[in-house]
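These notes are about the structure you will find just below.
The values are calculated or read from the model by the stated rules, or taken from the named source; none is laboratory data. Just so you know, these numbers come straight off a predicted model, no measurement behind them. A quick note on method: Cβ atoms are made from the backbone with ideal geometry, for glycine too, and the neighbour counts reach across all protein chains shown. Only protein heavy atoms, including side chains, enter the accessible area calculation; ligands, DNA and RNA are left aside. Shrake-Rupley method; radii C 1.70, N 1.55, O 1.52, S 1.80 Å.
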Amino acid sequence: YMMGIGSGSMEPIIYKGDAIVLTKVNKDTELELEDIIAYEDENEIIVHRIIQINDDNTYVTKGDNNTTRDPLDVKHSTVKGKVLFRIPYLAYPSIWFSDMLERGNTNA
């Protein structure tokens, strides 16, 4: 499926406003070091890179543009998919509109 990117944590690989296409992953062995995955954390979808695979098949992730790793290891059950490719700027209008609504300013 496709989703829009709302932050710059994966720049310069994936930019805010890009759309990404994901493929579902069914087995732990389908994910490898350096894969970019989308996973759910507290009702939010995070798109970050796998930087380590632990012995218990959990994943250490980090945004390419972030200085530190993500605070919690990712369980396979929370992974929504693996990034296949990005479409530059496709989601920019919807991200911009969402940002405006969050700020409470609909007078664009």
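Before moving on, here are some points about what is shown:
- Largest accessible area first, the residues SER98, SER9 order themselves as SER98, SER9 under a 1.4 Å probe with ligands, DNA and RNA left out.
- Annotation for segment 1-28 versus segment 59-108: alpha-carbon center distance of 7 Å.
- By accessible area with a 1.4 Å probe, ligands and nucleic acids excluded, highest first: order of THR68, THR23: THR68, THR23
- Selected from ASN26, ASN57, ASN43 as most flexible by GNM, with the chain as the system and alpha-carbon contacts under 10 Å: ASN43
- Average accessible area per residue (Å²) across the chain - probe 1.4 Å, nucleic acids and ligands excluded: 63 Å²
- TYR92-VAL21 pseudo-label distance in nm [points 7 Å out on the Cα-to-Cβ vector]: 2.1 nm
- Rg over Rh, two decimals, the chain (C-alpha only, Kirkwood Rh): 1.00
- With K and R counted +1 and D and E -1, the other residues having a Cβ less than 13 Å from that of GLN52 yield a net charge of -4.
- For the chain, the longest principal axis of the Cα atoms and the long axis of helix 92-103 meet at an angle of about 80 degrees.
- Within the chain, the longest segment free of exposed loop sites, counting GluC sites (Glu not before Pro) that fall outside DSSP classes H, G, I, E and B and have at most 10 other Cβ atoms within 10 Å, spans 43-108.
- Equivalent-ellipsoid semi-axes for segment 67-108 (Cα gyration tensor, √(5λ), whole Å, largest first): 29, 17, 11.
- In straight-distance terms, cross-link reach from LYS24 covers every one of the lysines whose alpha-carbon lies under 17 Å from its own, apart from those fewer than eight places away in the same chain; here that gives LYS75, LYS80, LYS82.
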